[in-house]
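Working notes for the structure below.
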Amino acid sequence: MGSNALNTSAIWGLKELLAIPGGDQIIKCIQCGTCTGSCPMAPVMDYGPRRLFALVKGGDFDEVFSSNTYWICASCYFCTVRCPRGIKITDIMYALKRMAQARGPQEKAAYMYNAFKEAVEGKGRLSELKMMQKYYKKVPMDAFKNTSLGLKLLAKGRLEFKVEPLKSLEGFRRVIEKAKQIEGQS
């Protein structure tokens with residue numbers, strides 16, 4: 001943002017985050033860095049969770065939503081378990097993903113996240129081939145960059161062409177629908 005004054009977008013973003021269940025916990029963050037020190041993905045994130053939370057608390061949502069941090073979060077819950085303030089950091093990362101998706105144009109990490117989600121929702125299991133197919137529809141230039149890797153995986157038999165659905169695919173879909181209902185209530 002550049003200045004210390006909060007703009008309308010920053011106020012709206014912070015209010016939106018504070019309104020979700022558990023989102024108000026971000027106010028309790030003391031910037032100790034335990035989350036970032038615990039995160040196995042921190043080295044590849046634009047900002048570790050601690051720095052991302054500082055940006056959120058400071059209202060710099062342009063910077064927050066241009067980062068890859070919440071997209072790269074592995075949902076391992078190390079940060080949440082180790083947080084001395086009991087903040088549900090992983091839940092806040094999911095909330096930031098939802099907020100980013102609602103805002104419109106997305107980064108490549110968001111496309112990968114959505115491709116993964118759609119591939120799993122289809123059969124209840126991950127098909128890397130389906131996932132990459134969905135991703136490459138959004139980012140076709142990456143298909144050319146990764147062609148040699150794809151051929152190597154194919155040669156080693158590491159690409160599956162048929163994924164068996166879960167035995168209880170309908171049960172899995174009911175769980176997904178229930179989760180969507182709960183999310184819509186928040």
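Working only within the stretch 72-99, note down all residues that are exposed (fewer than 15 other Cβ atoms within 10 Å of the Cβ) and more than 27 Å from PHE116 (Cα to Cα).
ARG82, PRO84, ARG85, GLY86
Mind checking which residues of the stretch 102-116 are free of Cβ contacts under 8 Å to residues at least 12 places away in the same chain and either under 10 Å from the mean Cα position of the chain (by Cα) or surrounded by 14 or more Cβ atoms within 10 Å (Cβ to Cβ) (or both)?
To start, the set of residues in the stretch 102-116 that are free of Cβ contacts under 8 Å to residues at least 12 places away in the same chain comprises 102, 104-106.
Across the stretch 102-116, the qualifying residue is only GLN106.
The conditions are (1) closer than 27 Å to VAL64 by Cβ; (2) surrounded by fewer than 14 Cβ atoms within 10 Å (Cβ to Cβ); (3) basic (Lys, Arg), and LYS138 fails exactly one of them. Which is it?
Condition not satisfied by LYS138: (2).
Contact list please: Cβ distance under 9 Å, first residue in the stretch 76-87 and in the same structural domain as THR36 (by TED's automatic domain parsing), second residue exposed (fewer than 13 other Cβ atoms within 10 Å of the Cβ) and of a type in the set (Gly, Ala, Ser), pairs at least six apart or on different chains.
What qualifies is THR80/GLY86.
Test each condition in (1) among the aliphatic types (A, V, I, L, M); (2) modelled with pLDDT of 90 or more; (3) assigned to a helix (DSSP H, G or I) for LEU153 and report the one that comes out false.
(2)
If you check ALA179 against the conditions, is it free of Cβ contacts under 8 Å to residues at least 12 places away in the same chain, surrounded by fewer than 11 Cβ atoms within 10 Å (Cβ to Cβ) and within 24 Å of the chain's Cα centre (by Cα)?
Working: free of Cβ contacts under 8 Å to residues at least 12 places away in the same chain: yes; surrounded by fewer than 11 Cβ atoms within 10 Å (Cβ to Cβ): yes; within 24 Å of the chain's Cα centre (by Cα): yes.
Yes: the conditions hold for ALA179.
When you look at GLN25, is it more than 17 Å from the chain's Cα centre (by Cα), modelled with pLDDT under 90 and either on the phi > 0 side of the Ramachandran plot or not assigned by TED's automatic domain parsing to the domain that holds ASP142 (or both), yes or no? Write out each step before concluding.
Working: more than 17 Å from the chain's Cα centre (by Cα): yes; modelled with pLDDT under 90: yes; either on the phi > 0 side of the Ramachandran plot or not assigned by TED's automatic domain parsing to the domain that holds ASP142 (or both): yes.
Yes; evaluated as a whole, the condition is true for this residue.
Are any residues in the stretch 81-98 outside any loop (DSSP other than H, G, I, E, B), of a type outside the set (A, V, I, L, M, F, W, C) and farther than 12 Å from ILE20 by Cα, and if so, which ones? Show your work before the answer.
Step one: of the stretch 81-98, the residues outside any loop (DSSP other than H, G, I, E, B) are 81-82, 89-98.
Now narrow it down to the ones that are of a type outside the set (A, V, I, L, M, F, W, C): 82, 90-91, 94, 97-98.
Those that are outside any loop (DSSP other than H, G, I, E, B), of a type outside the set (A, V, I, L, M, F, W, C) and farther than 12 Å from ILE20 by Cα: ARG82, THR90, LYS97.
Go through the residues of the stretch 132-139 one by one and say whether even a single one is more than 30 Å from PHE61 (Cα to Cα) and either in contact with a Ser or Thr (Cβ under 9 Å, 6 or more places away or on another chain) or at pLDDT 85 or above (or both).
Yes: the stretch 132-139 contains one or more residues that are more than 30 Å from PHE61 (Cα to Cα) and either in contact with a Ser or Thr (Cβ under 9 Å, 6 or more places away or on another chain) or at pLDDT 85 or above (or both).
Any chance you could count how many residues in the stretch 76-101 are within 9 Å of the chain's Cα centre (by Cα) and either modelled with pLDDT under 90 or more than 12 Å from CYS39 (Cβ to Cβ) (or both)?
5
Which one is surrounded by the fewest Cβ atoms within 10 Å (Cβ to Cβ), of the residues in the stretch 18-71 that are in contact (Cβ under 8 Å) with a residue 60 or more places away in the chain and over 17 Å from ILE87 (Cβ atoms)?
Filtering first and then ranking leaves ASP62.
Would you check if there is a residue in the stretch 171-181 being assigned by TED's automatic domain parsing to the domain that holds LYS117 and more than 20 Å from LYS123 (Cβ to Cβ)?
Yes, because at least one residue in the stretch 171-181 is assigned by TED's automatic domain parsing to the domain that holds LYS117 and more than 20 Å from LYS123 (Cβ to Cβ).
Could you tell me which numbered condition PHE161 fails, if it satisfies all but one of (1) in a helix (DSSP H, G or I); (2) surrounded by fewer than 11 Cβ atoms within 10 Å (Cβ to Cβ)?
Status for PHE161: all satisfied but (1).
Among the residues that make up the stretch 99-118, is at least one of them farther than 23 Å from LEU18 by Cβ, in the same structural domain as ARG173 (by TED's automatic domain parsing), small (Gly, Ala, Ser) and not in a helix (DSSP H, G or I)?
No, because not a single residue in the stretch 99-118 is farther than 23 Å from LEU18 by Cβ, in the same structural domain as ARG173 (by TED's automatic domain parsing), small (Gly, Ala, Ser) and not in a helix (DSSP H, G or I).
The values are calculated or read from the model by the stated rules, or taken from the named source; none is laboratory data. All figures in this text were calculated on a predicted structure; none of them were measured in a lab. No Cβ is skipped: glycine too gets one built from the backbone with ideal geometry, and neighbour counts run over all protein chains shown.
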